[in-house]
Amino acid sequence: MEDLKKVRIMTNLAIYDKNHGEEDRKITSHYRRDYVYKKNLRIRIGVFLGSAVLAMLYYGYKLFIAGTDIFTTFSKAEGIKIGTAVVILFVIYTIIGTVINRERYNLAEERCLQYEKMLSKLNGKKETHITKEDNKNERT
Amino acid sequence: MEIVISFGQSLTAVYKKAEVQFNVIFKLIAGLFVFGRLSVLSMGSASSLYILIITICCGVLTTFVTPSIFMVLAAFIACFYLFLASVETALAAFIFCFLLFVFYVHIFPKESLVIPAMLSAYFFKIPYVVPIFAALYIGVRALVPVGAAVFIWSNTHLLKGMAEITPKADFTPVGILDSAIKIYEYLQPTIVENGWHFVAIVFCFSVIIGWVVSNMFVDYERELAIVASGITIMVGLLIAIFFANAQVSIIGAILGTIISCGIVYVVQSMDFVLDYGSAQRVKFQDDNYFYYVKAVPKIKEAKIEEINEETK
């Protein structure tokens with residue numbers, strides 16, 4: 001039986017692999033900027049669809065309930081109003097998405113770093129200062 | 001305090017013995033409860049057997065799906081039940097759920113569980129426990145689901161009226177515009193008058209105040225946060241009742257808030273005792289052996305000693 005220290009390290013490595021390993025490797029296989037961009041794209045698509053529905057409801061209200069004529073409803077001023085609201089929504093959700101996804105990426109990267117350190121310990125390598133860049137290069 | 005700690009330790013010991021099974025049972029009970037309550041939306045249009053089958057299947061699904069899939073499933077089943085009574089009402093509910101999903105649930109899947117939690121708490125007459133709990137453990141991310149839950153609970157009774165105005169038997173695709181206008185004319189005065197937005201604002205304020213206090217560097221910040229949230233809710237609801245015609249009982253608000261504060265206090269006292277790292281079963285091998293390991297996190301004894309020293 002291998003010594004207990006090695007078993008402890010292997011157990012911790014296995015626990016990490018089971019809980020976070022696959023997800024963290026998927027996250028950190030991208031550069032941070034690419035990962036955040038990809039995630040933000042999904043958020044923006046969702047916000048675009050939601051904005052389209054809200055715009056349809058707004059125009060429907062204007063035409064059929066408020067009784068505004070079609071030329072006033074689809075005027076340039078109304079278009080600018082709706083467009084501004086959509087842009088503001090996009091900006092807000094981009095900021096929120098960027099903050100959340102960066103945080104997620106940083107946590108995943110931190111965990112991967114810890115994993116690599118434990119692996120070095122297990123393999124009996126001298127613990128060198130492993131940087132985040134080394135980690136990424138090794139994995140890609 | 002020590003009684004709470006020792007009770008928490010006993011509870012943890014029992015829980016850790018069969019953690020996976022307990023989690024499955026709790027999720028199953030929660031799923032059955034939520035989907036069982038959703039069946040009310042069918043308004044008698046579906047047979048009991050049908051409802052039972054859907055509730056059991058969805059309850060079982062709840063045990064292994066992610067939070068966002070659970071929310072999507074709940075919304076889908078709610079719209080399906082409404083569809084059996086009225087197509088236009090189902091469409092209105094679908095649009096609401098869709099907007100909630102793209103603007104919040106999709107981005108904050110775990111925090112969106114506050115919505116079914118708060119609706120369940122409303123059912124048990126203690127909705128105040130969720131904003132106070134959210135102030136301690138979630139923070140400002142809970143503002144939207146708390147507000148959404150208040151809106152949903154305050155206006156669900158209108159769905160019946162909408163279904164009566166636009167019954168399924170009278171549905172025609174051509175007449176959908178007239179139905180939409182009728183629904184708008186029915187909803188518009190009622191939604192504004194029932195004062196739900198004041199209650200939502202009060203709950204959101206209590207979350208913000210509780211979160212701010214819990215992040216201050218003072219002694220007993222969590223207990224102070226619970227008290228601050230509770231006082232905000234009580235004062236805010238009394239103002240909402242007297243000046244804004246909110247549909248809330250005064251005695252219910254005061255008693256409910258006090259009970260909710262007590263519940264959250266007990267939960268947060270046991271917080272450090274219940275280790276949220278779950279027991280893990282892993283297997284791996286090296287050149288000589290296969291290893292089958294069960295790793296159970298220890299209860300943090302050091303933290304208990306610290307608390308005991310503080311109380312002395």
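Just so you know, all these numbers are worked out from the coordinates, no wet-lab data involved. Keep in mind the model is a prediction, meaning the values are calculated, not measured. Reconstructed Cβ throughout: ideal geometry from the backbone, glycine too, with neighbour counts over all protein chains shown.
Label sites at A:Asn19 and B:Met270, each approximated as a point 7 angstrom past Cα along Cα to Cβ, lie 2.1 nm apart. The packing ranking of peptides B:229-241, A:12-24, B:185-197, highest mean first, is B:229-241, A:12-24, B:185-197, where packing means the average number of other beta carbon atoms within 10 angstrom of each residue.
Karplus-based coupling profile of the stretch A:3-18, in residue order and whole Hz: 5, 4, 4, 5, 4, 4, 4, 4, 4, 4, 5, 5, 5, 4, 4, 6, with θ = phi - 60° in 6.51 cos²θ - 1.76 cosθ + 1.60 and x standing for Gly or Pro.
Placing +1 on the Cβ of every Lys and Arg and -1 on the Cβ of every Asp and Glu, with no other charges, gives the protein assembly as shown a dipole of roughly 960 debye about its Cα centre. Under the convention that each Lys and Arg Cβ holds +1 and each Asp and Glu Cβ holds -1, the size of the dipole of chain B around its Cα centre is about 640 debye. Short-range pairs are left out: with C-alpha atoms under 8 Å and at least six residues apart, the relative contact order of chain B is 18 percent. Candidates A:Asn40, A:Leu54, A:Met10 compared by Cα position along the dipole of the stretch A:1-121: farthest toward the positive end lies A:Met10, with charges placed on Cβ.
Simple rule: put +1 on each Lys or Arg Cβ and -1 on each Asp or Glu Cβ in the stretch B:2-311, find the dipole, and look at B:Val87, B:Gly195, B:Ser214; the Cα lying farthest toward the positive end is B:Val87. Helix-only arithmetic for chain B: the sum of -39500 (n - 2.57) across DSSP H runs with n ≥ 4, divided by the residue total, places the mean residue ellipticity at 222 nm at -23000 deg cm²/dmol. Here the stretch A:4-139 is treated with +1 on each Lys and Arg Cβ and -1 on each Asp and Glu Cβ, and its dipole about the Cα centre works out to around 520 debye. Helical content of chain A, expressed as a calculated mean residue ellipticity at 222 nm, amounts to -26000 deg cm²/dmol (DSSP H runs of 4 or more residues, -39,500 (n - 2.57) each, divided by residue number, nearest 500).
3J(HN,Hα) along the stretch B:131-141: x, 5, 5, 5, 4, 7, 10, 10, x, 5, 5 Hz, from the Karplus curve 6.51 cos²θ - 1.76 cosθ + 1.60 with θ = phi - 60°, whole Hz, x for Gly and Pro.
Couplings 3J(HN,Hα) for the stretch B:216-231, derived from phi with the Karplus relation 6.51 cos²θ - 1.76 cosθ + 1.60 (θ = phi - 60°), are 7, 8, 10, 6, 6, 5, 5, 5, 4, 4, 5, 5, 4, 4, x, 5 Hz, where x marks Gly and Pro.
Computed from the C-beta positions of B:Ile191 and B:Ile3 and an R0 of 35 Å, the FRET efficiency is 0.15 to the nearest 0.05. For B:Ala295 and B:Tyr220, the difference between the fully extended length at 0.36 nm per residue and the C-alpha to C-alpha distance is 23.7 nm. Take the Cα of A:Ile65, go 7 Å toward its beta carbon, and the backbone nitrogen atoms of the stretch B:90-105 under 14 Å from that spot belong to B:92-93, B:96. Across peptide B:95-107, the mean count of Cβ atoms from other chains lying within 10 Å of each residue's own Cβ comes to 4. The largest-to-smallest principal axis extents of the Cα set in the protein assembly as shown are 80, 54, 50 Å. Taking Cα atoms only, the orientation of helix B:196-214 departs from the longest principal axis of chain B by about 20 degrees. Across the alpha-carbon atoms of chain B, the computed radius of gyration and Dmax are 22.8, 76 angstrom. Based on the convex hull around the alpha carbon atoms, chain A presents an average projected area of 11.9 nm².
Across chain A, the mean sequence separation of Cα contacts (distance under 8 Å, 6 or more residues apart), normalised by length, yields a relative contact order of 41 percent.
Placing dummy labels 7 Å off each Cα toward the beta-carbon, the span from B:Ala13 to B:Ile181 is 7.1 nm.
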